[in-house]
């Protein structure tokens, strides 16, 4: 039997441990680092566990956090592998966050309409008017794909009639980089 506390802990461990392997030095989204020894908390208006389907669904102003790392969404669905012996809840196969998805840690934030984490492949996707910020620097597009195994991230823009097609990536992205203040701007 899957307990509510076990589901909560497993969901947050997967959400908040979704980063590159510790041996990797290059971390393109270094601000999303976190201390996985911190307590994990999830709040939502409701939790539905469908044990026969190996699904847990958090709905209504979902906030998941560990230390300073926070994930907010309208709904978070977790799919478990019931045959796994990894924990008493089974291993998490896939996680989906829907509606007003917002991830933050200090000065770095990422937002979109939908996020999906494929645990087996180590791939995370954020889709739908994606905006990634670090301080005053901003990059925006339609889809952000992060390979957590390699640390490689790719932002895709929304394809429009002007860029030659329907919505769905490979269009234009927008980026704004703000120079650090107080540095010599090349004057001699």
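A few comments on the model shown:
- Single residue of 91, 136 found to be touching a strand residue (DSSP E or B) at 6+ places or on another chain (Cβ under 7 Å) and in contact (Cβ under 8 Å) with a residue 24 or more places away in the chain: 91
- Among residues of the range 58-94, those that are within 21 Å of residue 124 (Cα to Cα), modelled with pLDDT of 90 or more and surrounded by fewer than 17 Cβ atoms within 10 Å (Cβ to Cβ), counted: 1
- Conditions (1) buried (at least 18 other Cβ atoms within 10 Å of the Cβ); (2) in contact with a helix residue (DSSP H, G or I) (Cβ under 8 Å, 6 or more places away or on another chain); (3) at pLDDT below 90: number failed by residue 29: (2)
The values are calculated or read from the model by the stated rules, or taken from the named source; none is laboratory data. For clarity, every value in this text was computed on a predicted model and none was experimentally measured. Ideal geometry is used to build each Cβ from the backbone, glycine not excepted, and the neighbour counts take in all protein chains shown.
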